[in-house]
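Engineer: Pasting in a structure now, in structure tokens, and then I'll have a few things to ask.
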Amino acid sequence: MIFSRREFLKLSGLTLGAALLPPVPLDEAPRPVEFLGRAIRGVYVYDRPSFDAKPGILLTAETVFNIYGAVLSDDKHYNRTWYQVQQGYVHSGQVQPVRWEPQRPSLDVPPEGVLGEVAVPYTKARTGPYENYPPVYRFYYSTTHWIVEAKAVEGLIWYKVYDERLKEYAWVKGEHLRRVTPAEVAPLSPDVRDKRIEVDLEKQTFRCFENGVLVLDVLCSTGPYLRTENGKRIFGTPSGEWEIMRKRPSRHMAGDDFASADFFDLPGVPWVSYFHWWGVSIHGTYWHNDYGRPRSHGCINLTPEAAKWVYRWSLPLAPLKEEIEGSGTQVVVY
């Protein structure tokens, strides 16, 4: 079944519930808060949902604010989604939809560890289990991290998380990490073998087919256009026929050249499905919300919700463990 518009908006993080959100300001009381937004970069508030409108105040990076709804602009921009805020409208491209859902942490951690997902707009990962320890990273909403230990310090429970890339540990407040259960990553239609993913680099579309029937149709962001050869446009994402061969529910992704202008360092990338020997994958994205144009280093960027759906739906089946390998679902990139 193809997702309805309502289901698509839910999958895209546009209809997050209002539970546990901060109280609505008095002058905005008639309007219920639908969800929160985190400014990934500085974003201007416009008096109407269009880049042709008059910009007003600037919401600086890391600002967390109430959002009262999502609307579509009338222009021809590839990303027409805008969010309604207290003073007007902000474009969705540099706003991460987030929740504020503090958890009830537990000191019980199994020997193999447990996957945790950040349940607040962002939290600081520190070198030790106490506020006075220096921070090493900010972990953002929807990122995933392996919890290997829990410790109580002065009435607070802290989780020790493992960074598989750096081979190091950090500590995060337990109330900021939600434990992911095996049930919520249970495979979708596991008995169906006829599954196929198609990615259109020109249109930036991502489609999943089951027995020839379209079951998911969303926008994505791939690697940028690089050059034209013999009349064919070449993108940073490799075209061809591939298959998903490895999955990780969490991955610290980073560039190797610290001096490079496009160096990136992204801990906790969620729901990663690799399909190419370069290390190219389908994964969730928290550093932009601007699907419909190329803007990755070669991977296929999806919302965390869509990437999790693909992780569960595609083959090989992936239980909750650090890594799984196997011959899986076909990925056609053209």
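Engineer: Which of (1) closer than 25 Å to residue 140 by Cα; (2) buried (at least 16 other Cβ atoms within 10 Å of the Cβ) does residue 330 not meet, given it meets every other one?
Structural biologist: It fails just one condition, (1).
Engineer: Any residue in the range 120-141 that's over 21 Å from residue 100 (Cα atoms): show its pairings with residues that are buried (at least 21 other Cβ atoms within 10 Å of the Cβ) at Cβ separation under 6 Å, as long as the two are six or more apart or on different chains.
Structural biologist: 128/171; 129/158; 129/171; 136/125; 136/170
Engineer: I'd like to check which strands (runs of 3 or more DSSP E) are fully inside the range 65-178 and have at least 3 residues that are in contact with a Leu (Cβ under 8 Å, 6 or more places away or on another chain) and closer than 24 Å to residue 248 by Cα.
Structural biologist: 114-118, 144-153
Engineer: To continue, here is another question. Let me confirm something: among 96, 103, 87, which residue is within 17 Å of residue 42 (Cα to Cα), surrounded by fewer than 22 Cβ atoms within 10 Å (Cβ to Cβ) and not charged (D, E, K, R)?
Structural biologist: Answer to the selection: 87.
Engineer: Considering (1) in contact (Cβ under 8 Å) with a residue 24 or more places away in the chain; (2) loosely packed, with under 15 Cβ neighbours inside 10 Å, say which one residue 161 fails and leave the rest.
Structural biologist: (2)
Engineer: Is it the case that the range 239-257 has a residue that's within 23 Å of residue 122 (Cβ to Cβ), modelled with pLDDT under 95 and not aliphatic (A, V, I, L, M)?
Structural biologist: Looking for residues that are within 23 Å of residue 122 (Cβ to Cβ), modelled with pLDDT under 95 and not aliphatic (A, V, I, L, M), one finds at least one in the range 239-257, hence yes.
Engineer: Another question, if that's okay. All but one of (1) touching a helix residue (DSSP H, G or I) at 6+ places or on another chain (Cβ under 8 Å); (2) surrounded by fewer than 20 Cβ atoms within 10 Å (Cβ to Cβ); (3) β-branched (Val, Ile, Thr) hold for residue 123; which doesn't?
Structural biologist: Every condition holds for residue 123 apart from (2).
Engineer: Which numbered condition trips up residue 224, out of (1) free of Cβ contacts under 8 Å to residues at least 60 places away in the same chain; (2) touching a Pro at 6+ places or on another chain (Cβ under 6 Å)?
Structural biologist: So residue 224 meets the others, but not (1).
Engineer: Regarding the range 302-313, can at least one residue be identified that is at pLDDT below 95, out of contact with any Cys (no Cβ under 7 Å at 6 or more places or on another chain), over 19 Å from residue 119 (Cβ atoms) and not hydrophobic (A, V, I, L, M, F, W, C)?
Structural biologist: The answer is no, given that none of the residues of the range 302-313 is at pLDDT below 95, out of contact with any Cys (no Cβ under 7 Å at 6 or more places or on another chain), over 19 Å from residue 119 (Cβ atoms) and not hydrophobic (A, V, I, L, M, F, W, C).
Engineer: Let me ask something additional. Six or more apart or on different chains, Cβ under 8 Å: which pairs go from a residue in the range 99-115 that's within 17 Å of residue 171 (Cα to Cα) to one that's surrounded by 13 or more Cβ atoms within 10 Å (Cβ to Cβ) and among the polar types (S, T, N, Q)? Could you list them?
Structural biologist: 115/144; 115/250
Engineer: Let me ask something else about it. List the pairs whose first member sits in the range 190-203 and is over 18 Å from residue 224 (Cα atoms), whose second member is among the aliphatic types (A, V, I, L, M) and in a loop (DSSP other than H, G, I, E, B), and whose Cβ atoms are under 7 Å apart, counting only residues at least 6 apart or on separate chains?
Structural biologist: Cβ pairs passing all conditions: 190/317; 195/315.
Engineer: A further question follows. Would you mind stating whether residue 207 is assigned to a strand (DSSP E or B), at pLDDT 95 or above, more than 30 Å from residue 132 (Cα to Cα) and touching an Asp or Glu at 6+ places or on another chain (Cβ under 7 Å)?
Structural biologist: Yes.
The values are calculated or read from the model by the stated rules, or taken from the named source; none is laboratory data. Predicted model, so just to flag it, every value in this text is computed and none were measured. All Cβ positions, even for glycine, are placed from backbone atoms using ideal geometry, and neighbour counts span all protein chains on display.
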